[in-house]
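A.B. asks: Here's a structure for you.
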Amino acid sequence: MNPKQKKNRKKQLLAKYGNKCWWCCESFDEKDLTLDHLLPKSKGGSDCLENLRLACLECNQERGNSLFPPSRCVKRK
Ligand SMILES: [Zn+2]
């Protein structure tokens, strides 16, 4: 994705999910939210909207290329 596409995706995700981290469900400033791939790109994940969620830096960094949610994730069982 080029920067313009990324910005576009982020806008779409913000409209869909609000300015919340998908994992820890906390609210963040737009600028503090990153695009996170549910299925990491390194594992063949695509850049389509269905595979993208907004994540805070902390969650995104902890997750890295993992297939699993970060420890901060509130949806984790
Ligand atoms: Zn988070």
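A.B. asks: Which far-off residues, 5 or more places away or on another chain, put their amide H under 5 Å from the one on LEU52, with H placed in the peptide plane?
C.D. replies: Correct list: LEU38.
A.B. asks: Something else now. Mind jotting down the distance between the C-alpha centroids of region 40-58 and region 10-33, whole Å?
C.D. replies: For region 10-33 versus region 40-58, the Cα centre distance is 13 Å.
A.B. asks: Take every Cα pair under 8 Å in region 3-63 that's 6+ residues apart, average their separations, divide by the length, and report that relative contact order as a whole percent.
C.D. replies: 35
A.B. asks: Per residue and in Å³, how big is the convex hull formed by the alpha-carbon atoms of region 3-63?
C.D. replies: Convex hull volume per residue, Cα atoms: 79 Å³.
A.B. asks: In deg cm²/dmol, rounded to 500, what helix-only [θ] at 222 nm does the chain give when every DSSP H run of at least 4 residues adds -39500 (n - 2.57) and the total is split over its residues?
C.D. replies: Values: 2 runs with 22 residues, N = 77.
It lands at -8500 deg cm²/dmol.
Read-outs: derived from the displayed coordinates by stated rules, not from any lab. As the structure is a computational prediction, the values presented were derived from the model and not from experiment.
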